[in-house]
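Structure record follows, encoded as structure tokens.
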Amino acid sequence: MKGSLFISFFSTSAAIRAEQTLLSQGYDVVVRPTPPAIKAGCGISLLVLKSDWEPIKQILDQMNIEILVNEK
Amino acid sequence: MIYFDNSATTLMKPEGVAEAVSFAILHYGNAGRSFHEAMLDAGRAVYLARAEVAKLIGLDNPLHIAFTSSATESLNLVIESLIRKEDAVITTVLEHNSVLRPLYRTGCDLSFINCDDKGYLDLSNLRDLLKPNTKCLIATHGSNVTGVVTDWQPLKAFCQDHGLIFILDASQTMGGTPVSPDMADVICFTGHKGLFGPQGTGGIIAGDNLGFSVVKTGGTGINTFDHSQGTVMPDVFEAGTPNSHGLAGLRKGVEFINEIGIAKIHEKEMALVGQFCEGLKDLPNLRFYGDPTFPNNLAIVSINIAGKNSQEVATALWEHYEIATRPGGHCAPLLHQRFGTMEQGMVRFSFSYFNTEEEIEVGIQALSAIAQEAEA
């Protein structure tokens, strides 16, 4: 995915919940291992389009999911 | 076989439950432990099961459901997590040993709410049971012996008034009667009874603000290098490989309930109870326990025939009619003490949405014959 962001999580349950919610709302989401430099605890991250970031952030905020965001 | 032991395990499952488990065994990896498709499918199956249970009970955040292997494990975890020896706890004489034994093990100071002759909780002296160190009130939402459903509202109000944590054991009620997260601070449930899932599935419904301590710990797939695991739901109760195979089946069972609707399921089950009780009401030596035909209660009818031991009656039902019931004490010692049936036990008939009127009729005929023989 060009122009992507890594969204990383503090629990796998939260990561899968975020993935399922974003997919159900039509966003492009790819699951990738969390890069070692990101200290989020959970081994999987979501790769999303940078251009989708604002609405995705709102969705995750509403779900009260704690995240770390990094440029790919 | 005619299966009337659905309060133990529902044997007849909706279409798709067994297939989902079979598919999962052949295709799923270990949820939460990597990022390949087999792992993700397992993780998604666990999440989708959470989402389906959340939909059933009207819960906004599916992550407020932690999955366990059973209601017994749920209750053990919650009790051990929250209760210490120096605490006092109020519970009831209706409880199953899955509540009583974990409580006894903590060494806490226990007080019991008694019940009336029909098995309804008697709350007249509830305030007298309160002590300065009372921390929790734990009650069953539905008795596994009488099928009486607990009026949770006064218990919740009492807990709110006195700052107690209210824990509800919904082992018998989830799927068969409405359960909502608003009912209590913590709700424990099992998957293999009213939810039509496989054995080995259960859960805990709770928010993040109760101060749970970690009592079961191990691999979680997160924070590998930390010495302790997180204390937020659901991770606080979910160390080890989740049962994604069983939860795939549970999702299908709950999906069925969400499609049919709890009201319709309960209505059909209670119609079977009505037919059964009506057919037996004129037998002079048959005693009903509880209040089986009250519409809000569960599809459980417990009986005895004169002084006949419940094991003998259940054996006759099985050997002569292939009717499966549950005799004995039903792991509910205090309720049997209350009814004076520690020796005799009771014969419990528990019906499901998948039982039929024809099966009920055979049950009536069988019990009538056994009762008449006992009379002779």
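Nothing in this text is a laboratory measurement; each read-out follows from the coordinates by a stated rule. Here the structure is a predicted model, which is why all the values come from computation and not from measurement. Note: ideal-geometry Cβ built from the backbone for every residue, glycine included; neighbour counts use all protein chains shown.
For B:Glu15, neighbours were defined as the other residues whose beta-carbon sits under 14 Å from its Cβ, and their charges (Lys and Arg +1, Asp and Glu -1) total 0. A simple spin-label model places the labels of B:His227 and A:Leu23 3.9 nm from each other, with each point 7 Å out along Cα-to-Cβ. Per-residue mean of foreign Cβ neighbours for B:61-73 is 2 (Cβ atoms of other chains, 10 Å radius).
Here the dipole of the range B:102-251 is about 280 debye; that uses its Cα centre as origin and unit charges on the Cβ of Lys and Arg (positive) and Asp and Glu (negative). The mean count of C-beta atoms from other chains within 10 Å of the C-beta of residues in A:20-32, rounded to a whole number, is 2. Shielding by partners for peptide A:4-14, expressed as the average number of C-beta atoms from other protein chains within 10 Å of each residue's C-beta, is 5.
Computed over neighbours whose Cβ is under 9 Å from that of B:Gly249, the net charge equals +2, Lys and Arg +1, Asp and Glu -1. Take the Cβ atoms of B:Glu319 and B:His27, set R0 to 45 Å, and the FRET efficiency comes out at 0.60. In this label model, B:Asn309 and B:Val362 are separated by 2.7 nm, measuring between points 7 Å along each Cα→Cβ vector. Restricting the range B:69-163 to GluC sites (Glu not before Pro) that sit in a DSSP loop and have at most 14 other Cβ atoms within 10 Å of their own Cβ leaves B:Glu86. In this calculation the C-beta distance from B:Asn258 to B:Glu375 is compared with R0 = 51 Å, giving a FRET efficiency of 0.65. Modelled label positions at B:Asn209 and B:Glu278, each set 7 Å beyond Cα in the direction of Cβ, lie 4.9 nm from each other. Measuring r between the beta carbons of B:Tyr104 and A:Gln58 and using R0 = 56 Å, the FRET efficiency lands at 0.70. Using only side-chain charges placed at the Cβ, +1 for Lys and Arg and -1 for Asp and Glu, the dipole size of the protein assembly as shown relative to its Cα centre rounds to 1240 debye.
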